[in-house]
Amino acid sequence: MAMSFQKPWFLARARRRFAMTRECALLLPRVCAALADPRQPGSDDTCLEKLLDWFRELTLFDSTVQLVQDNPCLTEFITSVLALPEPSPSILSFTLRLAGILAASENRFQHLQQEKLLARLFGRDGPPNSAVWEDASVRSGWVQGVHNMMHHQPALHLLCSGGGIDVIFTLQGDPSLFVASAASQLLVHMLTLSVESETTKPLSTKDCDWPACAQMIIKRIEDSLQSSSASHIEQSLKLLTSLFGSCRATWTEVLWLGVAKQIESFLTEETVQVQHMLANLLLNMAWSPVFRDTEGSFWALVTSALEHLTPVQAGPLAVGILRLYKCPQDVRIQALTVLLQPMDCILRAASQPLEYAGLLDESVSDPITVESLLSSRSSCANLLCQTLAHLEQLLSLSRLPVDLPYTSLLRSLMTILQFCNGFLSPASPLGSTISRILINCFRVQRSALDVLAALSERKGSDTLIGSLFDLLLAYLESPNTSPTVLKKTFQATSKWLVRLQELSCSNSQGQQTEKILEDVFLVLQKRLCSPCWEVRDSSLEFLTVLIKCLRDQDEFRQSLLSSEVPRLTENLLEDPESYVRASAVTAVGHLAFITYFAPESPVVGNQYNKENTVAKLQEILSTDPEGFPRRAVISIFIKWLRQGCTGQLEDTEQFVSRVIQTVEHDLDWEVRLGGLELIEVFCSQTICQLGLLQCPYAPVSSAVTSSTHWNESLQVFCRAKLFSFLFRSLCDCDKPVGQRACDVLLGLRSNFYPVSTLEGSQGTGDSAVGIAWLQRTLRQGSLAQNFPTDGSNGVDFQDPENMMLALGAVALEELHDELNRSSDHVEKSPQSLLQDILATVGTIEENEADCY
Amino acid sequence: MPEIKVTPLGAGQDVGRSCILVSIAGKNVMLDCGMHMGYNDDRRFPDFSYITQNGRLTDFLDCVIISHFHLDHCGALPYFSEMVGYDGPIYMTHPTKAICPILLEDYRKITVDKKGETNFFTSQMIKDCMKKVVAVHLHQTVQVDEELEIKAYYAGHVLGAAMFQIKVGCESVVYTGDYNMTPDRHLGAAWIDKCRPDLLISESTYATTIRDSKRCRERDFLKKVHETVERGGKVLIPVFALGRAQELCILLETFWERMNLKAPIYFSTGLTEKANHYYKLFITWTNQKIRKTFVQRNMFEFKHIKAFDRAFADNPGPMVVFATPGMLHAGQSLQIFRKWAGNEKNMVIMPGYCVQGTVGHKILSGQRKLEMEGRQILEVKMQVEYMSFSAHADAKGIMQLIRQAEPRNVLLVHGEAKKMEFLKQKIEQEFHVSCYMPANGETTTIFTNPSIPVDISLGLLKRETAIGLLPDGKKPKLMHGTLIMKDNSFRLVSPEQALKELGLAEHQLRFTCRVHIQDPRKEHETVLRVYNHLKGVLKDYSVQHLPDGSITVESILIQATAHSEDQGTKVLLVSWTYQDEELGSYLTSLLKKGLPQSTS
């Protein structure tokens, strides 16, 4: 219903916000001088970061030298920092990054190089040779500075000729994770830039003439892959992984062919342990069309990796392969085997000797490794959790490129869950070991329940539904089930109950469904009385989900209403925990759809008293000391109103009026916002009902406007006291409230004023005295405090004519634009930032070191 | 060698947002998950991509521990658990679990109040996150899994703040979070037992400061409020919903009572009630004085402090108002500030840190003409005061805690690099332990020397005791045997028993060495010379010349052969068993020196 007032110039204005204004240009030299002054205490890091953000914005669409020419203080700043004998690490780091941003365009690069500034910052004798290099922030600033600058060939040459490549390669092994990772990313960027900007003819394996910079990098990669140092190999593998992940150009294949043999050997090499890195590398390659579409060698390598890597290492590769739509069938089968093997082992471990119950064809699976992992305490849960997470990932895809054996999968999930709660202790040695390890393992329980929930949406796993509910109910009932596991059990149960209903509609499984529902509500009754608020809350959330999904099903309604659940839910409206009260409000609100508001309510007697419930919710709205329950009430009221549950227009008018008078003084702005939404819905419904419009809020021509109709609806709105709340809200101290009120008023105005008449009437100055006052006070932003009730200066918010005038006269569009800006747009401006940096110079240090 | 690795993602040489990763004996723990309020984008959260590189978060991390409810320690938690995808256990104390969502919700409301905020958690996410939290009691040992256990200690600082001991086997780390070693008006001092952890990770906010007493700061605060109210001015105190606000409320309430003051004090949010409820509920976490007087008078039931209504701001006459948010960047506090700023009789007291960009930061840095929305200029004539009431341990307190816990290593976080450097030297000098101060993203590795309990077989024990003196329980004793590591248990048994148990046959291992000697004589003559030489030198050993021409010294065997290419050189083959290794190597070095002339 909310209208969009986005205008094309809005973006232009946002860009203007970051422009170098006259005021900023005046402040900048002083800021630069203060930053370069070693006697000043260091500026707050966030200020420096925001300053860099600003320069990034300034230079993004402007490659000219104007910025540096008009503001010579920038180059002077760099020069003076370079001249400092011992610059502070944070200022040097800032300078390096700033210089990089400025040098991102070739023009400005040349300008800065006139004084050899960049060579001094990023060249051989720069910071890498100084004592401050010890500080991680300087190394990080250097890498980021180079990365910022690296958009053209001169920058590449500066680095390659100045020994920069060596520095970056060394930094790949930096003790700081941030620096190491940034160095690796920088090399990928430089390699791509070099090949793509310096290659004159397409590269091929036969005639491979890499540009100089690329050549240097590739040589280093090849050398380190052949070295005996695991860390060097790892760094190069990491680099290749991110290269193949980000660059899909054909030259990457040429590069790959040069290193493929070496990398292949790592799969079987025992002296160098880098196998764990290979899965990611191959996965990124598999996603790249350059490799994916080739025949033969690449896929052979993937197959070999799936064979040689350990199940934990191969898992991510397998699931990645299974998500591909284009992939050779045999590779897919092998990936599926890797993924399903642990589940297969679980099934076999639980089955009787000689009874085959596995998931996989025995001829393709070699379960020894997986079995040994599952029978070890340290690896069992890890392997299972990883496998389960991968299965959930696959099942969450809307279109699965591969068929999964759903029934067996469900059986193995159930087996895992039975192991975990001690319901199954098989005789086989493997089975008994696994069951001992898994008992009460919450991690595995949670993961298995997630997959179970995801599996409910796949057809073909219905034969086990009876025993599945036995298991779910056992979990719901067991006192050993932890609150987090219980929540997941509720989620899985609600999904499978929906599935059960679908089945009972198509088959005649009515009785089974009824029994299951009865059992579910029985256990829910207990859980609603749990001493643990998390459990009560999850139970209420579960109930709401069930009502939302199943409220049209007779069996469900009957089972629910014949249980104690509705009464207990109403009791929880007085729960000591506010989260629970809020969830109870939502549940009661939804319950109403099957009690009072149902067209054929199955309720007999006055067990469910509508007035009582509404009064209770009203009471919560006006007296609950916390926001959550009050917000829940207003959301429910909006829902009821939208669904036409609040009765005839007259009743609704009174209802809305009552609610509005309660929420307009609420301390929680989100409740007030909810009140405005309620008004919006009410207005559109009233206007529709009174036949003014078919489509609410659409502008109307004067010919259609019927004065009787708008009179009537305006009278309704005035009687309901909507206008005082709407106009007051325009000056609310919380911006979203003002914005919403303005939206609603603009919507109303478009209904009551045809566009043509509005243009004529606005700003003519013929408005009544009261309206002039309203406009004035709105501008001053103080309406909320000095709201007049009478007097010559006041406005009668209940007088339709007065309100009609107000709607036409108040400059709502202007106000809308004003409100649409972020509330801290002034503080966020560059000018404010520069002023803050200047003002902080010389303030007490103590202010900086404090916690929130 | 076993090691403990620590990588701060936040709070490494800064006071931004705390988030520290610890790897100990194969377990990975995240200590705190804080937010930086100075940023409006993703930079406000720690960069978790460095953890997600290691695979699924929930598989990699064993647990998350939150030390206290301040947002720079817990503010990123809902983002981490509901948006980044961590689904494992989270631990904090009971009061922290109760209060954390209030502050998170308070901050969420302030944040989404501004336009253009994206990627921020919702109210539902805060709730879902809190439902995953396991609350712990002080001094309760909580078993995270079979190997990993944690234990909370009282930290002072704020209600519910705790230090945590993380223990795997016999290796342990203590993380202090923020702590205070001197009791304040409503909280006690931090305390830990002599747990001798391998590593103590301590905050160091006031690493170089010896703070003036908090009493002084409190007196100063009361004096300023009193003076303003006396001259008919209004006092605005911008606060966050909980924490410092309660402390200041107690202070003013007591002062008003004592001085019989009549000016009204208001609290602007509806949150006070809940906040005070928690202070009542967790009365055991407050200090002794509050607990003692609780029966006669509940410190948190205020007589003078009343709920604020928006219309009150325009009332004439003096008043004191607590309003949120604490940095004057939106909402109620900013609105009141705009109303009152123009009157020099009024005063605003900022009791906490303000980030750049906020009105709070601007007025604290001395700016008096502020551009507000719509190009309006607001002239600030009211008095502006900054008063830090934050309760951190100062340098003396940090040293005191180290003395209490007796750690083997110390690692400093949550402080500025320069100050840390100073304290680091002081700690190393005074306690002779290594002290580290990694920057964010840097990993510190600490090698530990854990003692591992081993069962010893009775037979071996008896045999060893029979050989040596009677065992003295207090002194360590050297034992020889075979260590069998099986099914997660360690046993020391005699070699014979080990062979028997494992079904293995015994092999003799001999070490050999060839020594070349220049001697043109025949082989048997050379042997004789060697024999005589050894007999002369090794008087206490049994040196024998065997009929087959070889020499034995104890179990060491020496044979001589002529060199195949040079008859003038003789090759002595020396071989010995493992038991006689010392003698064997002594003999070889002796022979390498050559034979003395006199024996010829």
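The values are calculated or read from the model by the stated rules, or taken from the named source; none is laboratory data. Bear in mind the structure is a predicted one, so any value in this text is a computation, not a measurement. Cβ sites come from the backbone with ideal geometry, for glycine too, and all protein chains shown count toward neighbours.
Points worth noting:
- Residue count for region A:96-130 satisfying the condition of being of a type in the set (S, T, Y) and within 38 Å of the chain's Cα centre (by Cα): 1.
- Members of region B:379-413 that are in contact with a strand residue (DSSP E or B) (Cβ under 7 Å, 6 or more places away or on another chain), closer than 23 Å to A:I837 by Cα and modelled with pLDDT of 90 or more: B:E379, B:V380, B:M382, B:Q383, B:V384, B:E385
- Residue within region B:320-340 that is in contact (Cβ under 8 Å) with a residue 40 or more places away in the chain, assigned to a helix (DSSP H, G or I) and away from chain A (no Cβ under 12 Å) present: yes
- Of all residue pairs spaced 6 or more apart or on separate chains, those with beta-carbon atoms under 7 Å, a first member in region A:379-404 that is over 21 Å from A:Q329 (Cα atoms) and a second member that is of a type outside the set (G, A, S) and not in a helix (DSSP H, G or I) are A:A381/A:C441; A:Q386/B:R56; A:A389/B:R56.
- Residue that is surrounded by fewer than 22 Cβ atoms within 10 Å (Cβ to Cβ) and closer than 29 Å to B:N287 by Cα, where the choices are B:M130, B:M181, B:M125: B:M181
- Selected residue (only one of A:L524, A:L500 is surrounded by 17 or more Cβ atoms within 10 Å (Cβ to Cβ) and farther than 20 Å from A:V565 by Cα): A:L500
- Evaluation of B:S67 against the conditions (1) more than 11 Å from chain A (Cβ to nearest Cβ); (2) assigned to a helix (DSSP H, G or I) shows that the sole unmet condition is (2).
- Among residues of region A:519-560, those that are at pLDDT 95 or above and of a type in the set (D, E), counted: 4
- Tabulated pairs, region B:350-379, first more than 7 Å from chain A (Cβ to nearest Cβ), second in a loop (DSSP other than H, G, I, E, B) and among the aromatic types (F, W, Y), C-beta under 6 angstrom, 6+ apart or interchain: B:P351/B:F389
- Enumeration of residues in region A:416-435 that are farther than 15 Å from A:E371 by Cα and within 40 Å of the chain's Cα centre (by Cα): A:L417, A:Q418, A:F419, A:C420, A:N421, A:G422, A:F423, A:L424
- The combined condition, being at pLDDT below 90, surrounded by 20 or more Cβ atoms within 10 Å (Cβ to Cβ) and not in a helix (DSSP H, G or I), is not fulfilled by B:L103.
- Test for A:I638: is it assigned to a helix (DSSP H, G or I), among the β-branched types (V, I, T) and within 14 Å of chain B (Cβ to nearest Cβ): no
- Filter pass, B:C63 being over 24 Å from A:K50 (Cβ atoms) and modelled with pLDDT of 95 or more: yes
- Number of the exception - B:Q165 against (1) under 25 Å from B:L251 (Cα atoms); (2) of a type in the set (S, T, N, Q); (3) part of a strand (DSSP E or B): (1)
Here is a yes/no grid of residues against (1) in contact with a helix residue (DSSP H, G or I) (Cβ under 6 Å, 6 or more places away or on another chain); (2) without any contact (Cβ under 8 Å) to a residue 12 or more places away in the chain; (3) of a type in the set (S, T, N, Q):
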residue: A:S93; (1), (2), (3): yes, no, yes
residue: A:R97; (1), (2), (3): yes, no, no
residue: A:A103; (1), (2), (3): yes, no, no
residue: A:H111; (1), (2), (3): yes, no, no
residue: A:Q114; (1), (2), (3): no, yes, yes
residue: A:L117; (1), (2), (3): yes, no, no
residue: A:L121; (1), (2), (3): yes, no, no
residue: A:R124; (1), (2), (3): no, no, no
residue: A:N129; (1), (2), (3): no, yes, yes
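- Test result for A:A19, under 32 Å from the mean Cα position of the chain (by Cα), modelled with pLDDT under 95 and more than 10 Å from chain B (Cβ to nearest Cβ): yes
- Among the residues of region A:259-305, the ones that are in a loop (DSSP other than H, G, I, E, B) and not charged (D, E, K, R) come to 7 in all.
- Of all residues in region B:29-52, those being within 17 Å of the chain's Cα centre (by Cα), within 12 Å of chain A (Cβ to nearest Cβ) and surrounded by fewer than 24 Cβ atoms within 10 Å (Cβ to Cβ) number 0.
- Near pairs, Cβ below 9 angstrom, 6+ apart or cross-chain, from region A:312-331 (more than 14 Å from chain B (Cβ to nearest Cβ)) to any residue that is among the acidic types (D, E): A:K326/A:D293; A:P328/A:E295
- Residue in region B:144-157 that is crowded, with 20+ Cβ neighbours inside 10 Å, closer than 23 Å to B:A245 by Cα, within 14 Å of chain A (Cβ to nearest Cβ) and not hydrophobic (A, V, I, L, M, F, W, C) present: yes
- Test: A:L383 is part of a helix (DSSP H, G or I) and under 17 Å from A:I346 (Cα atoms): yes
- Residues (within 30 Å of the chain's Cα centre (by Cα) and of a type in the set (A, V, I, L, M, F, W, C)) located in region A:477-533: A:V485, A:L486, A:F490, A:A492, A:W496, A:L497, A:V498, A:C532, A:W533
- Boolean, A:L191 is farther than 20 Å from A:A119 by Cβ, away from chain B (no Cβ under 14 Å) and either in contact (Cβ under 8 Å) with a residue 24 or more places away in the chain or within 31 Å of the chain's Cα centre (by Cα) (or both): yes
- Screening B:S434 against (1) in contact with a strand residue (DSSP E or B) (Cβ under 8 Å, 6 or more places away or on another chain); (2) surrounded by fewer than 15 Cβ atoms within 10 Å (Cβ to Cβ) leaves a single unmet condition, (2).
- Residues located in region A:306-330, provided they are closer than 18 Å to A:P367 by Cα and assigned to a helix (DSSP H, G or I): A:L306, A:E307, A:H308, A:P311, A:V312, A:Q313, A:A314, A:G315, A:A318
- Residues in region A:421-444 that are assigned to a helix (DSSP H, G or I) and either basic (K, R) or within 14 Å of chain B (Cβ to nearest Cβ) (or both): 7 in all.
- Residue, nearest to the other protein chains (Cβ to nearest Cβ), within region A:661-673, restricted to residues that are part of a helix (DSSP H, G or I) and within 10 Å of A:I634 (Cβ to Cβ): A:E670
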